[in-house]
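Everything below concerns the one structure shown next.
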Amino acid sequence: MAYKPSEMTASQIQTELGIDGRKLGQYLARIKPVKERGKFQYYLLQDVIEQIYKKPGKVIPIDEIKKKKLQAEAELVELELEKEKGSVVPVKDIQRQWTNLVLSCKTKLLSIPTKLAPIMSTETDINVCKNILETSINEALTELSKGEDIEPVEDNKPTANAQPEGNEGVPTIRAIEYKPVRK
């Protein structure tokens, strides 16, 4: 059984496609009606869609769309499998780890002046000051390279003592005793 395109009026096409009447009129002005009966003109829906998307003769077949959908679903399944294997890490975890790393660096480097201020205040030789600074900076960088001070990223599983986030109501005596606030 062959598919026979149905002929539709402008109002039927407008209802079918959900397009504004004026905009549809602009498209229909460029299309030759299939037939005219009285004051009504009939168009093929396929011709109107081709004109709207300006791709005459290039309507994408449904088989091609289904194929793309199946490919996307297969990629999602593969991604989930890689995630389960542990070879893929969520971006949020990477961002948190980098944040922890940068904060650790910042803390270590900002602690250097506090540590060295008493020592440097008594020194008068530039080379001695330079060596003290280099030694302290190298120590800080060595500690950072070991990664001992960096907090590891953990799963977001709630703990037993975890506080809920947000603006939770604080119970008052009146709320606990279930007495009205006003009479």
### Message
From the phi angles alone, apply the Karplus equation (6.51, -1.76, 1.60; θ = phi - 60°) to region 8-13 and give each ³J(HN,Hα) in whole Hz, x where the residue is Gly or Pro.
### Response
10, 7, 4, 5, 5, 5
### Message
Please list, in order along region 131-137, the HN-Hα scalar couplings obtained from phi with the Karplus expression 6.51 cos²θ - 1.76 cosθ + 1.60 (θ = phi - 60°), rounded to whole Hz, x for Gly and Pro.
### Response
5, 5, 4, 4, 4, 5, 5
### Query
Which pairs break 22 Å Cα to Cα here: Lys108/Lys130; Lys32/Lys54; Lys4/Lys32; Lys106/Lys146; Lys83/Lys106; Lys4/Lys69?
Lys83/Lys106; Lys4/Lys69
### Message
Just to confirm my numbers, what's the Cα centroid distance between region 1-55 and region 56-132 in Å?
### Response
53
### In order through region 99-110: 3J(HN,Hα) via Karplus (6.51 cos²θ - 1.76 cosθ + 1.60), integer Hz, x for Gly, Pro
4, 4, 5, 5, 5, 5, 4, 4, 4, 4, 5, 6
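Read the figures in this text as sums done on the coordinates, not as results from a lab. This one's a predicted model, so the numbers in the text were calculated from it and none came from an experiment.
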